[in-house]
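The block underneath contains the structure these notes are about, expressed in structure tokens.
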Amino acid sequence: MRRFQQYVLPGIIFQSVLIGGAYSTGREIVQYGARFGPRGLWSIVAIFLGFSLMCALAFEFSRVSRAYDYRNFVRALIGPAWPLFDVLFFAMAILVIAVVGAASGDVVEEILGLPYWVGVVVVVCLVGALNTGGRAAIERFKTVGSVVLYVGYILFAGAVLYERWPQTMVALREGPGTAGGDATASIAAAFGVGILYVGYNLASLPAAFFTLDRQTTRRQAFGAGIIGGLMATVPFVLTYLAIMGYYPDAEVTTANVPWLVMLDRVGGDTLLAVFAFVVVWTLVETSTGMIHAIIERVTVNLAEVGREPMSRRQVGTLTVAVLVIAAVLSRFGLIELVARGYTLMAYGFLLLFALPLCTVGVYRILKAPAR
């Protein structure tokens, strides 16, 4: 159990926050990989390398700095500029949860035939309960959630690829330009978009910091980083391969929830119902992780000024307030939120997080005693 907590649990928390909203619906996979056709494989290479590197460096920097919440982490990393990261993280958290709300509303409305706001309210209630339950409840929920997620995506991708494998292979073999549009983009462009994808998803990393106090060696931090990068990339690959089975079908690539279109064609009502369950679960995980990071941030600030930690009622109130703001934003639409909001945030995280981590962070890691 100790090794599991040191090597695997940080990756579980990271990927459980990452895989929500537009990722679980397939929308992000189109935006940051599948729209390039076969060259989207280069986006996947960039995503795996980027996630693994960022996780490994962040986990080790957290260990050597003894910074297990994002405020202390960022203060150690960028010094006086840390308030800028605060603003960026809060804005990204609201945006991510807005995407989660939009996705949950779309899934519940399209699959179960219930009003859009039912899905949003379900996510709000579950996230509020989990954050009120504290660290142990969140770790258990996310561990079980990772099993549910992987079983679900293997099932969904397996069903699509069983029917569409020949078409998938044709799409991967064909050179750029056969489908027009973004398929004609260069390898460098596809790789660059993968890096951009890693950039805005750095907002998911602070959610895992609270689990890192169990790590005692560099090997554990780097090992957990590689595992985290792999766990975050595998569902992306499965979804990408499934979409390639229909590429460049506009009904799939322009859908709010591409998985709904694909599963409706191959699996019918049963598979769609399972998909709805898995997606809502991942959406709850994402919202829980983002808000828990905010709660940890507030807790550290209260301790610095000599105040008591928030009560369960206060935690619940803060959780609901964040979720309500995000729910209002969710009405802007899933595709619009992904295409515009995420790209803008990506540059901010690359500047305030990735660049300092790869320079100042690496320098301080190398100066620290290797253990």
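The values are calculated or read from the model by the stated rules, or taken from the named source; none is laboratory data. Bear in mind that the values here come from a model prediction, so they are computed numbers and not experimental data. Because the Cβ atoms are built from the backbone with ideal geometry, glycine has one as well, and the counts that use them run over all protein chains shown.
Summary table
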quantity	calculated
Qualifying position, being at pLDDT 90 or above, not hydrophobic (A, V, I, L, M, F, W, C) and not in a loop (DSSP other than H, G, I, E, B), among Thr286, Thr299, Thr239	Thr239
Within the stretch 120-147, considering residues that are exposed (fewer than 15 other Cβ atoms within 10 Å of the Cβ) and in a helix (DSSP H, G or I), the one modelled with the lowest pLDDT	Arg135
Matching residues, the stretch 303-313, being assigned to a helix (DSSP H, G or I) and surrounded by 14 or more Cβ atoms within 10 Å (Cβ to Cβ)	none
Filtered residues of the stretch 263-301 (kept if among the aliphatic types (A, V, I, L, M) and within 26 Å of Glu163 (Cα to Cα))	Leu263, Val266, Leu271, Leu272, Ala273, Val274, Ala276, Val278, Val279, Val280
Criterion violated by Trp259 - all others in (1) over 17 Å from Ala159 (Cβ atoms); (2) crowded, with 23+ Cβ neighbours inside 10 Å; (3) not aliphatic (A, V, I, L, M) satisfied	(1)
Residue within the stretch 49-71 that is at pLDDT below 90, buried (at least 19 other Cβ atoms within 10 Å of the Cβ) and in a helix (DSSP H, G or I) present	yes
Among residues of the stretch 303-345, those that are modelled with pLDDT under 65 and of a type in the set (Asp, Glu), counted	1
